[in-house]
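Chemist: Quick one: the structure is below, and I'll ask about it shortly.
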Amino acid sequence: MSEAAIIERVLESGSADRDEELLFASMSWGVRLAVGWMFIVIFLATFAAWIPFVRDPNYLFGLFEGYDNNAGPSRKFWLGTDSIARDNFARLVYGARVSLTVGSVAVACGLVVGGFLGSLVGFYRGKAEAITMALVDVVLAFPGLVLLLVMVSITQKRSLFVISLVVGLLSIPPYTRVARANALSVTNREYVEAARAIGTRPMRILVREVIPNVIPSLIAYALIAAAFIMVLEGSLAFLGLSVQPPTATWGQMIFQARSDMRLSVWPVVYPSAALVFTVLSLNIIGDWLRQRNATRSAAI
Amino acid sequence: MRRKWSKLLGLLLVFGLIAAACGDSGGDDATATTAEQGAAETTAAPTTAAATSTTISDAVTSTEAPVAGPSYGGRVTVGLEAEAPGLRPWEDACSSPCRNMMVNIYDKLFEISNTFEPVGWLATDIAPNADFTVWVMNLREGVQFHNGKDFNAQTVADMFPIQQTGAISGGILAAAGVVDIQATGDFEVTYTLGAGNSAFPAHLTGRGLGTVFDPELALSDPDGYAQNPVGTGPFIMANRDIDNETLLVRNDNYWMTDEQGNSLPYLDEIAFRPIPDEGTRLSSLISGTVNAMQTLRQGTIRDAREADGLTLFEFQGNNVGGGQFNTLVPPYDDKRVRKGLTHLNNQDAVIDALGGTGISLPGSQWFSPDSPWYSEAVAAAWPQFDIPAGTALIQEYVDDPARSDGKAVGESIDVELSCPPDPTLIAAMQVIEAVWTSTGLVNVELTQFDQATHINMSLGVDTGFVGTHGAHCWRWSSDDDPSTFLNTAFAAPTPAIAEEFGVPFSAVNFPNYWDPEMFGWLVEAVKTDDFAERYALYEMVMMRFADEVPVWYSGHTATAIGVTEGIIGVSGWVTPDGVLGAGTPGAEGRWHFVQITDG
């Protein structure tokens with residue numbers, strides 16, 4: 001059964017259970033694995049403090065209990081210990097919090113501010129659009145990492161809140177561009193023309209007709225952008241410019257473990273693999289949503 | 001539907017559990033201490049062609065025997081930890097990589113012997129008057145610059161005005177108290193000092209005052225000199241490709257010969273390549289991309305010891321790492337806090353985090369155990385790792401109604417611990433943080449700043465030189481005479497204090513520790529050349545540190561030069577008078593004695 005046909009059936013059925021079943025059926029195994037991975041990561045990161053097998057990520061088992069640094073996996077330490085004998089598994093789980101928080105804040109800022117701004121200027125056009133898009137172009141012209149480095153350096157103190165805020169601010173321009181492009185397209189659709197023809201107020205058209213049709217594209221983009229942001233945060237952490245230690249982040253785990261790579265390569269491999277799987281999963285899910293959305297749009 | 005989702009999740013969880021179980025190395029038990037591992041690494045160290053190898057505990061400082069030679073020709077490519085932005089000895093900031101280049105382009109008036117005494121290089125001798133205010137130095141004849149100009153006493157005199165205005169030399173001249181330099185003969189130079197300084201020759205071993213450059217060229221083209229330096233040294237600048245490669249070629253007219261009368265240097269070329277990442281630099285050496293490298297990181301030394309086919313020239317000098325407290329800022333202005341936090345510094349664990357177990361010795365003073373200035377009494381007095389003692393001191397401060405930080409009785413103290421963003425330093429400060437916070441009396445905020453910001457925070461020009469630092473990672477000391485670093489490091493920390501006490505102001509008193517009595521001892525120590533007298537004074541200074549704790553120590557800084565097989569003579573250099581040199585302090589190589597053999 002083609003995806004278009006599935007979507008068609010979903011649209012026709014009107015049944016929630018049926019929707020869920022067809023949604024699942026439309027997922028390839030790759031998408032299902034990606035969703036599963038993200039579920040595990042989000043679950044562990046969210047409930048880490050209450051999960052008994054996730055230990056304190058900052059506790060020095062070597063200093064206080066005599067365990068080895070850079071130890072291999074064992075029953076006590078599933079993923080071994082790092083260079084100062086902390087539990088790699090616990091740090092991996094807590095590190096996900098930072099990546100997910102930064103990614104989520106970036107998505108939220110982008111969706112809310114960038115999405116609204118882009119839809120607004122794409123719908124109303126005029127000078128506001130020209131000025132907004134010129135500003136967006138200026139910001140996007142800078143290499144993202146360089147701009148991020150500058151902003152993070154200015155802030156000096158680097159808490160999770162500050163890093164998320166900075167990344168969130170930098171996420172607004174690309175969302176604005178995507179939202180504006182979609183708003184331009186939606187604005188020319190027949191149903192928008194029809195709404196105008198019957199005298200609906202422009203703001204109401206924007207809120208009721210344009211933005212709801214821009215959101216699906218933004219969400220598909222958001223997942224891919226979130227993956228990019230996670231890599232960006234990892235790069236910042238690797239450069240020592242993300243959240244301050246001892247807070248665990250994947251990038252910082254890689255950064256710290258590289259000095260002991262000749263002793264043990266695993267402390268580098270675990271966070272790298274987690275980052276790769278997460279980014280890959282978000283990309284796969286984003287692609288799937290984008291295709292699904294395109295099929296739905298075509299069907300409409 | 002629900003069943004399908006359950007299957008998917010179940011599969012993933014099973015996969016995760018299997019992966020964890022398969023990796024079991026049976027390591028549930030706490031195993032042997034890392035100190036034992038470190039000792040094993042030392043045993044497994046590659047051979048060091050050492051004539052004298054001083055082994056203190058499990059750390060090594062090696063000095064190679066002078067090689068017979070000569071085996072001429074060949075090229076050595078040296079991997080450095082950074083690029084040298086400029087190569088002007090009077091002007092450009094210069095750390096170990098830069099010194100590696102400079103020492104092969106320029107000659108110095110004096111060098112340091114393997115007994116850490118200044119010994120003549122371009123100078124033959126130096127003698128003071130009775131009160132050490134006038135020093136007369138004789139120079140070696142027959143020395144020429146790379147551009148063919150002769151070196152003589154007038155050269156040294158003409159360098160003086162340039163050094164006075166130099167960003168680097170200016171401060172050193174002031175610290176040494178030099179007020180005039182005159183050529184009093186063709187090869188005789190007279191230094192006049194503002195106050196007696198018995199250790200003045202030690203300043204002439206340094207880069208700022210002791211390195212000889214062409215003053216005429218320096219005046220006519222100061223900017224060009226930074227990248228095209230001219231000295232009297234064994235190698236000549238051939239090509240400078242910044243951030244890629246600096247190529248030096250043999251100075252065929254070099255004035256110095258080896259002990260058998262063979263001309264120096266032996267090598268045709270040396271190339272210096274900046275490879276900032278420690279792991280990449282070591283990999284480059286192992287793979288043969290470079291055939292020599294320098295490092296100041298204990299973790300790299302540890303890894304290099306394990307690599308096959310390398311020869312390591314390690315140096316365990318006086319330089320000691322650790323941290324400093326800003327003693328003008330609460331709560332570090334209270335000795336109980338400083339001493340308490342120092343008692344809570346587990347040196348062995350910190351050294352281990354730095355990768356230095358079996359490489360670096362724990363520090364208790366500014367001198368390493370093989371230094372003539374080292375004091376057992378100070379080592380015994382230094383606050384050792386002792387959690388109850390440290391906790392008690394901080395508790396006393398916390399319970400003091402007159403505590404200096406203005407917090408209420410019983411509230412934890414706030415400490416900002418800051419280091420540059422190096423992985424091993426970050427690991428080390430997390431170890432310190434863990435112990436400090438384990439007392440329940442200390443809130444620690446860890447911060448990282450790049451090296452320049454880190455230094456500027458301690459310099460504190462904008463804050464009346466008080467600085468914005470709290471507890472900072474830092475390094476001190478060198479293998480020079482103690483006066484060359486201690487007298488400036490603990491002069492009046494702010495202009496206001498300098499004015500109040502009528503003493504010199506020093507911008508580099510980074511801990512802002514001011515003790516008039518101790519400063520008096522430092523001044524006294526350069527008024528005599530009697531070693532026992534001087535030793536007693538420096539021992540008193542170090543005892544004061546052990547009591548007041550303006551700084552804390554982790555371990556002495558082990559440095560190393562690594563070379564591939566067949567490269568010899570790295571640390572076995574001798575002075576023109578046949579005195580064995582200091583080897584490779586600060587991973588600084590004198591490549592003019594290096595030769596490449598067949599094997």
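Chemist: Once each part is reduced to its C-alpha centroid, what is the distance from segment A:67-134 to segment B:466-521 in angstrom?
Modeler: 45
Chemist: Given R₀ = 41 Å, FRET efficiency for B:ASN147-A:VAL265 by Cβ-Cβ distance, to 0.05?
Modeler: Values: r = 52 Å, r/R0 = 1.26.
After rounding to 0.05, the efficiency reads 0.20.
Chemist: Excluding ligands, DNA and RNA, what is the accessible area buried between chains A and B, summed over both sides, using a 1.4 Å probe, to the nearest 100 Å²?
Modeler: That pair hides around 3900 Å² of surface in total.
Chemist: Can you list the chymotrypsin sites (Phe, Trp or Tyr not before Pro) in segment B:436-542 that are in a DSSP coil and have 11 or fewer other beta carbons within 10 angstrom?
Modeler: Qualifying residues, ordered by number: none.
Chemist: In whole Hz and in residue order, list the ³J(HN,Hα) couplings for segment A:140-153 that follow from phi through the Karplus curve 6.51 cos²θ - 1.76 cosθ + 1.60, θ = phi - 60°; x for Gly and Pro.
Modeler: 6, 5, 6, x, x, 5, 5, 4, 5, 4, 4, 5, 5, 5
Chemist: Continuing with the same structure: Suppose a student asked you for the relative contact order of segment A:27-299, using Cα pairs under 8 Å spaced at least 6 residues apart; what percent would you report?
Modeler: It comes to 25 percent, rounded to a whole number.
Chemist: Here's another thing I want to ask about it. For segment B:328-425, state which trypsin sites (Lys or Arg not before Pro) are in a DSSP loop and have at most 13 other beta carbons lying within 10 Å of their beta carbon.
Modeler: Sites meeting the loop and neighbour criteria: none at all.
Chemist: With axes computed from alpha carbons, what is the tilt in degrees of helix A:3-13 against the longest principal axis of chain A, rounded to the nearest 10 within 0 to 90?
Modeler: The angle comes out at about 70 degrees.
Chemist: Hey, what's segment A:27-299 come to in accessible area per residue, 1.4 Å probe, Å²? Walk me through the numbers on the way to the answer.
Modeler: Working: 11960 Å² over 273 residues.
On a per-residue basis, 44 Å².
Chemist: Give me the dipole magnitude in Debye, nearest 20, for segment B:482-599 about the Cα centre, with unit charges on the beta carbon: positive for Lys and Arg, negative for Asp and Glu.
Modeler: Working: 4 positive and 15 negative charges, 60 e Å.
So the dipole magnitude of segment B:482-599 works out to roughly 280 debye.
Chemist: From the Cα gyration tensor of chain A, with a ≥ b ≥ c the square roots of its eigenvalues, which class applies: rounded if a/c is under 1.5, or else prolate if a/b is larger than b/c, or else oblate? Could the numbers behind the result be given before it?
Modeler: Details: a/c = 3.09, a/b = 1.66, b/c = 1.86.
It is oblate, given that a/c is not under 1.5 and a/b is not larger than b/c.
Chemist: Still on this structure: What's the FRET efficiency of B:VAL503 with B:ALA226 using the Cβ-Cβ distance as r and R₀ = 35 Å, to the nearest 0.05?
Modeler: Once the sixth-power term is evaluated, E becomes 0.50.
Chemist: Is the C-alpha gyration tensor of chain B telling us rounded, prolate or oblate? Criteria: a/c under 1.5 is rounded; beyond that, a/b larger than b/c is prolate, otherwise oblate.
Modeler: Details: a/c = 1.96, a/b = 1.25, b/c = 1.57.
It comes out oblate by the Cα gyration axes.
Chemist: Then there is this: Could you give the dipole magnitude of segment A:27-299 about its Cα centre, charging the beta-carbon of Lys and Arg +1 and that of Asp and Glu -1, in debye to the nearest 20?
Modeler: The dipole magnitude comes to about 600 debye.
Chemist: Please give the calculated 222 nm ellipticity per residue for chain A, where each DSSP H segment of at least 4 residues contributes -39500 (n - 2.57) and the sum is spread over every residue; nearest 500 deg cm²/dmol?
Modeler: -23500 deg cm²/dmol
Chemist: Also, quick follow-up: I'd like the GluC sites (Glu not before Pro) in segment B:108-207 restricted to DSSP loop residues with at most 15 other Cβ atoms within 10 Å, sorted by number.
Modeler: B:GLU141
Chemist: Where in chain B are the DSSP H helices whose alpha-carbon span along the long axis reaches 27 Å or more and whose Kyte-Doolittle mean is at least -0.5?
Modeler: Result, helices passing both filters: B:2-22.
Chemist: Still on this structure, please answer the following. Could you give the distance between the Cα centres of segment B:181-235 and segment B:161-179, to the whole Å?
Modeler: Cα centroid of segment B:181-235 versus Cα centroid of segment B:161-179: 10 Å apart.
Chemist: To the nearest 500 deg cm²/dmol, what mean residue ellipticity at 222 nm is calculated for chain B from DSSP H runs of n ≥ 4 alone, each contributing -39,500 (n - 2.57), summed and divided by the residues?
Modeler: The helix-only estimate for chain B comes to -10000 deg cm²/dmol at 222 nm.
Chemist: Express the carbon and sulfur contribution to the solvent-accessible surface of the protein assembly as shown as a percent, rounded to the nearest whole number, probe 1.4 angstrom.
Modeler: Details: 20810 of 35640 Å².
Answer for the protein assembly as shown: carbon and sulfur cover 58 percent of the accessible area.
The values are calculated or read from the model by the stated rules, or taken from the named source; none is laboratory data. These numbers come from a predicted model, not from an experiment. When we count neighbours, we look across all protein chains shown, and the Cβ atoms used for this are built from the backbone with ideal geometry, even at glycine. Only protein heavy atoms, including side chains, enter the accessible area calculation; ligands, DNA and RNA are left aside. Shrake-Rupley method; radii C 1.70, N 1.55, O 1.52, S 1.80 Å.
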